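Engineer: The structure that follows is given in the form of structure tokens.
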Amino acid sequence: MSGPAGTLVVVGTPIGNLGDLSPRATNALADATVVLCEDTRRTRKLFSAIGVKTPRLVRLDRNNEADISARVVATFAGEERVVLVSDAGMPAVSDPGAEVVRAAAAAGFAISVIPGPSAAVAAVAISGIPGNGFTFVGFLARKGTARLEALGRIASSPLTTVIYEAGNRVRATTVDLEAACGPGRVYVWARELTKVHEQVWRGTLGEAVLGFERADVDERGEWVLLVGPNVDEVKPDVADKHVEDLLKRAVATGSSRRSAVDEVSAATGVKRRQVYEIALNLDEGVERLTS
Ligand code: SAM
């Protein structure tokens, strides 16, 4: 390589709430001479929202990433302060950007990162799933062998798996996950994080499928799905507490003890006998309190 190397700054942008744009990110955007972005209209809006004059924007998408990477290296080296953003969150996380970074690194660019929100990490943090580590897989293949293989890997993973999904596919994906992993896996979904309709639900795959079947979930928006360990592999007291809560809810909505036990066992995958014992302990507790 001849001449001085350029600079490339990888900048995280908000996933829904403009207040999450960091001061460092704002400064980097204000200093940029070229911004590589997905949707130029969207990035223009970001600049106008922060009151900064929009610099030269270059559209980067999956189809032109190789060409743009070559252009960045050949024509921007040494002269431009290039910033890489995506429509939301961290570039290169289920978004374009990895190829530009690789090309810039190979060409000797100074590359730095200004970390910002990412839906995956935000969802892990708010999930409450014990910290056994996680695998981020992004969007699952939509059909065929690739989808089946991905579901199989999730079923056999000892780690929590983090999945991105769109609202119009979330129900089908939850049903497929339950078929592959069984009803008893801890399941958390997080929807519209950092936005007005932010919602997080924690339970098991079996319960989640029931929730979608009862149509009591607003499926619109952007989703992160997390599949954790089996509910009875999580700390036993956590699993028992969860079963207790479900039993109480079932009885409160009119189920007999017997059918509450059946329902909760089916929804959580916890053995019927174990659920029954928890139900008995609950009854004793109630008697102690009332006698
Ligand atoms: N680069 C982004 C990141 O760092 O999170 C992800 C981009 S990917 C194209 C978009 C997907 O991320 C959405 O379909 C959804 O699954 C997830 N996502 C993005 N924003 C979200 C939000 N506010 N709440 C929940 N999921 C979100």
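Engineer: So how much slack lies between Ala70 and Ala155, counting 0.36 nm per residue of separation and subtracting their Cα-Cα distance, in nm?
Structural biologist: On the way: separation 85, 0.36 × 85 = 30.60 nm, distance 3.99 nm.
Roughly 26.6 nm would be gained on extension.
Engineer: Still on this structure: Give the aspartates and glutamates whose C-alpha is closer than 14 Å to that of Lys241, dropping any in the same chain fewer than 8 places away, or say none.
Structural biologist: Asp232, Glu233, Glu277
Engineer: Run the helix sum for the chain: -39,500 (n - 2.57) per DSSP H stretch of 4+ residues, divided by residue count, reported at 222 nm to the nearest 500 deg cm²/dmol.
Structural biologist: -14000 deg cm²/dmol, from helical runs alone.
Engineer: Another one. With springs only between Cα atoms under 10 Å apart, run a GNM on the chain and tell me which of Glu263, Glu79, Glu198 wobbles the most.
Structural biologist: Residue with maximal mean-square fluctuation among Glu263, Glu79, Glu198: Glu79.
Engineer: Could you name the aspartates and glutamates in cross-link range of Lys53, using Cα to Cα under 13 Å and dropping any fewer than eight places away on the same chain?
Structural biologist: Counting by Cα, and skipping residues close in sequence, Lys53 has these aspartates and glutamates nearby: Asp31.
Engineer: GNM, the chain, Cα, under 10 Å: largest mean-square fluctuation among Glu38, Glu213, Glu178?
Structural biologist: Glu213
Engineer: Pick from Lys241, Lys143, Lys195: which residue has the top mean-square fluctuation in a GNM of the chain where Cα pairs under 10 Å get a spring?
Structural biologist: Comparing Lys241, Lys143, Lys195 in the GNM, the peak value goes to Lys143.
Engineer: While we're looking at this one, here's another question. Computing the accessible area with a 1.4 Å probe over protein heavy atoms, can you report the carbon and sulfur percentage for the chain?
Structural biologist: Values: 7990 of 15050 Å².
The C+S portion of the solvent-accessible surface of the chain is 53 percent.
Engineer: Same structure again: Where a ≥ b ≥ c are the square roots of the eigenvalues of the C-alpha gyration tensor, would you call the stretch 163-222 rounded, which needs a/c under 1.5, or, failing that, prolate if a/b is larger than b/c, or oblate?
Structural biologist: Judged from the Cα gyration tensor, the stretch 163-222 comes out prolate (a/c at least 1.5, a/b above b/c).
Engineer: Provide the solvent-accessible area of Thr145, counting protein heavy atoms only and rolling a 1.4 Å probe, rounded to the nearest 10 Å².
Structural biologist: Near enough 90 Å² of accessible area.
Engineer: Give the accessible surface of the stretch 7-114 per residue, rounded to a whole number of Å², with probe radius 1.4 Å and ligands, DNA and RNA excluded. Please list the in-between numbers first.
Structural biologist: Values: 5120 Å² over 108 residues.
That works out to 47 Å² for each residue.
Engineer: When only Cα pairs under 8 Å and 6 or more residues apart are kept, what is the percent relative contact order across the chain?
Structural biologist: About 17 percent, as a whole number.
Engineer: At 7 Å along the Cα-to-beta-carbon direction for both Glu233 and Glu277, put a label point, then send me their distance in nm to one decimal.
Structural biologist: 2.0 nm
Engineer: Would you list which lysines come within 24 Å of Lys248, measuring only between C-alpha atoms, while excluding same-chain residues fewer than 8 positions from it?
Structural biologist: Lys235, Lys271
Engineer: Limiting things to C-alpha atoms, what are the Rg and the maximum Cα-Cα separation (Dmax) for the chain, in angstroms?
Structural biologist: Here Rg and the maximum Cα pair distance are 23.8, 87 Å.
Engineer: Taking 8 Å as the Cα distance limit and 6 or more residues as the minimum spacing, I'd like the relative contact order of the stretch 119-231 as a percentage.
Structural biologist: Relative contact order here is 34 percent.
The values are calculated or read from the model by the stated rules, or taken from the named source; none is laboratory data. Keep in mind the model is a prediction, meaning the values are calculated, not measured. Positions of Cβ are backbone-derived with ideal geometry, glycine not excepted, and every protein chain shown enters the neighbour counts. Keep in mind that these areas ignore ligands, DNA and RNA; they rest on the heavy atoms of the full protein, side chains included. Shrake-Rupley method; radii C 1.70, N 1.55, O 1.52, S 1.80 Å.
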